[in-house]
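Every read-out reported here was derived from the displayed coordinates using simple, explicitly stated rules and does not represent laboratory data. Computed from a predicted structure; not experimentally measured. Reconstructed Cβ throughout: ideal geometry from the backbone, glycine too, with neighbour counts over all protein chains shown.
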Amino acid sequence: MNTMKRDRQFRPLPVPSVDIHGLFGDRQDAICDTTAETLLDRCVEAGMLDAIDTSQPSPGIVIPIQPWGGTTQMFWDSDLGKSIETVAYSLYRRPNPKLEARVDEIIDMYGKMQDEDGYLNAWFQRVQPGRRWTNLRDHHELYCAGHLIEGAVAYFQATGKRKLLDIMCRYADYLITVFGPGEGQKRGYCGHEEVELALVKLARVTGNKKYLDLCKFFIDERGAEPHYFTEETIRDGRDPANFIQKTYEYSQSHQPVRDQKKVVGHAVRAMYLYSGMADIATEYNDDSLTAALETLWDDLTTKQMYITGGIGPAASNEGFTDYYDLPNESAYAETCASVGLVFWANRMLGRGPNRRYADIMEQALYNGAMSGLSLDGKTFFYENPLESGGKHHRWVWHHCPCCPPNIARLLASIGSYMYAVSEDEIAVHLYGESTARFDIGGAKIELAQKTRYPWDGAIRFDVTADTAARFAISLRIPEWADGSTLKVNGQAVDLSSATIDGYARIERDWKIGDHIDLDIPLSPRALFANPLVRQDAGRAALMRGPLVYCVEATDNGRELNAIELTGNLAAAKTTEIAELRGAVAFDIPVTRDEADWGATLYRTTPPSTKKGTARFIPYPFWDNREPGEMLVWVRAGEQNGE
């Protein structure tokens, strides 16, 4: 495959520059209809506004201190920050004066609570004011700052209101005085990474490089010896060895980041760290960071990732265990972790379009992440197993409600993940009905994408420009998309010669009326796991386009493990399911064990079988109808795929 030098810089289009329709538009409508307001309502019900309302006495400790020395109440600022970010994106799509006024009220509370020096944290101002910056390892101070910064940037972009942005700039300016290599400064960093990618967003929206420099400091300092977390605990009179996870691998601070080769620890923390590293690699053209990230990327995607793009199989550390340890029914696969993988993959595209990252971004987005939000936008998954006996369902809220606003803010801002622009090129990473607006070479360009993807693989792009302009349009050709075709103004393009790093690159003088037709064949395909993934031995999973498919008891009755794939996938018949917003399902021939066991637990004769069909639906849409069993990895017979 042709490859491109990586000294280019691609930055995502701002959310307001992309109008979204189709499947993602439907998800955004659900967020506007219910999720955005639901997030604020449930933050209020949890007591989060009482925590920042300085006109009232401090509520004190509402959620008890846990064995690890903290409480999820410490994270409330982050929940409000992500909720504000979600509301911001929803306001751009659909104005809602009532919701906007509620956020303005929250912002006013933060403005009144902020210290003169710029410090801002509900817990350490109102509950434990003497404990500021004493436990960066566990207490999430910088993490909370990061989410409030991201909320501020989004709210400014959506409404033009600067109040929260100015509040968070003051806080970031204060952080620059607290953290750094200078005398009297702290050489620390957050145990839960997040502020890193937030500082990059702040730098990009304000144009102030000092925020990039602070982000780079946090990344460069992480894992350096003498270890900051060890020194911090000794200063605070605590035992450095006595903490709940017992290893700095949990927070990816066990080595300097450029020396790390294996993805370890808490999955969400890892994804946020790698996202910040990738942003800094782009902004500083830092090949040493990119090289480390490429090694970590391969480690994750070839040994530690579910087919859904879910990551982190274990609840014990909300993260990674051993290579090829990918249990299905007990999979943790936190929604936030797949959201984080989308973040990381997207930022790996900052140094140029590359299919190895964008394909995984799409896979994690559609499956591991999007499954976390119900079709009506009201309920959520925290864990995303690949098999259920019928007892795993979405919930209304959670004692640690990080996932609801995380998946909501991702889907509400999806336009910035679909398109990225450099000085002379627009890259289309994801397909879906949308219109993108951007400037290249002094020309104002509009690129309208017309498609029913992922249900149909026909994609048309119409180019509108206020003046003729020369630039490149790069379109991702997914690795699985055998037989794709491309035409420009009706003329066929040879994909083999036009494709660079998995993207078809078309450079020309574009004018009004130019159009591109890309056709990506969508047909069911079977995937088989490496034999080292013992839980999937003798089984296959089905995909169509970017979507993983599963069987549900709603369509197939109980005992889904009785289904065996034995037919030809080419015989699959597609159908649209109205209950699932018109999602494309498919019916395929299968063999099924007869339920002829009676009361016997074991016997010497195998079960009798019969031929039939099974209906497969998109995995992200499961548990939106009648509750029941679900299964991704189905038993595979010898004739499957012939």
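Results, tabulated for the structure shown:
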{"item": "Cubic angstrom per residue, convex hull over Cα atoms of segment 6-99", "result": "194 Å³"}
{"item": "Greater than 20 Å apart at Cα, pairs in 82/163; 98/201; 82/201; 82/378; 98/163", "result": "98/201"}
{"item": "Mean Cβ neighbour count within 10 Å, used as a protection proxy, ranking 349-359, 537-547, 295-305 highest first", "result": "349-359, 537-547, 295-305"}
{"item": "Structure-derived mean projected area of the Cα convex hull in nm² - corresponding label in (1) 42.9; (2) 31.5; (3) 29.7", "result": "(3)"}
{"item": "Computed FRET value (nearest 0.05) for residue 128 with residue 356, which takes r as the C-beta separation and R₀ as 35 Å", "result": "0.20"}
{"item": "Alpha-carbon centroid distance for the pair segment 188-267 / segment 51-108, whole angstrom", "result": "25 Å"}
{"item": "Environment charge at residue 514 (Cβ cut-off 11 Å; Lys +1, Arg +1, Asp -1, Glu -1)", "result": "0"}
{"item": "GluC sites (Glu not before Pro) within segment 318-417: DSSP coil, no more than 16 neighbouring Cβ in 10 Å", "result": "329"}
{"item": "The chain: calculated mean residue ellipticity at 222 nm from DSSP helix runs of at least 4, using -39500 (n - 2.57)", "result": "-10000 deg cm²/dmol"}
{"item": "Loop sites in segment 200-251: trypsin sites (Lys or Arg not before Pro), DSSP, at most 16 other Cβ within 10 Å", "result": "238, 246"}
{"item": "Projected label distance in nm at residue 323 and residue 186, using a 7 Å step from Cα toward the beta-carbon", "result": "3.8 nm"}
{"item": "Spin-label pair residue 625/residue 497, simplified geometry with 7 Å Cα→Cβ offset, distance in nm", "result": "4.9 nm"}
{"item": "Reach of residue 450 by Cα under 23 Å, taken over lysines that are not fewer than 8 positions away in the same chain", "result": "487, 511"}
{"item": "124, 528 arranged by Cβ crowding within 10 Å, fewest neighbours leading", "result": "528, 124"}
{"item": "Relative contact order [Cα under 8 Å, 6+ residues apart], segment 225-313, whole percent", "result": "23 percent"}
{"item": "Eligible aspartates and glutamates near residue 161 by straight Cα distance, threshold 16 Å, same-chain separation 8 or greater", "result": "85, 100, 104, 105, 108, 150"}
{"item": "Segments 605-613, 159-167 sorted - mean Cβ within 10 Å per residue, highest first", "result": "159-167, 605-613"}
{"item": "Additional length obtainable on full extension of the chain from residue 262 to residue 523, 0.36 nm per residue less Cα span", "result": "90.5 nm"}
{"item": "All aspartates and glutamates inside 14 Å of residue 246 as judged from Cα atoms, apart from same-chain residues fewer than 8 positions distant", "result": "138"}
{"item": "Inter-label distance, nm, simple model (7 Å from Cα along the C-beta direction), residue 9/residue 247", "result": "3.8 nm"}
